[in-house]
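J.: My questions will all concern the structure given below.
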């Protein structure tokens, strides 16, 4: 038997039940999911890191992903 619990929507903080039927979890709706995606795309959100070596190292080629 699995336990059901709720989380807060990262965008609006509304309580969301964590269920397989909730296709937008952890978001409460498609709208909140798209708002979050837009914030990442606009670089308003980022994962902190010490350096971005691939972006600052001149010895790396433009196609850094192939390394």
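J.: Just checking, how many residues over segment 8-30 are under 20 Å from residue 44 (Cα atoms) and either surrounded by 12 or more Cβ atoms within 10 Å (Cβ to Cβ) or touching a helix residue (DSSP H, G or I) at 6+ places or on another chain (Cβ under 6 Å) (or both)?
T.: Counting residues in segment 8-30 that are under 20 Å from residue 44 (Cα atoms) and either surrounded by 12 or more Cβ atoms within 10 Å (Cβ to Cβ) or touching a helix residue (DSSP H, G or I) at 6+ places or on another chain (Cβ under 6 Å) (or both) gives 6.
J.: Could you please find all residues in segment 15-44 being more than 25 Å from residue 5 (Cβ to Cβ) and either within 11 Å of the chain's Cα centre (by Cα) or not in a loop (DSSP other than H, G, I, E, B) (or both)?
T.: If the condition is that a residue be more than 25 Å from residue 5 (Cβ to Cβ) and either within 11 Å of the chain's Cα centre (by Cα) or not in a loop (DSSP other than H, G, I, E, B) (or both), then 38, 39, 40, 41 are the ones that fit.
No lab work stands behind these numbers, since they all come straight from the coordinates. Remember, predicted model here, so these are calculated numbers, not experimental data. Methodologically, a virtual Cβ is constructed for each residue, glycine included, from the backbone with ideal geometry; neighbour enumeration extends over all protein chains shown.
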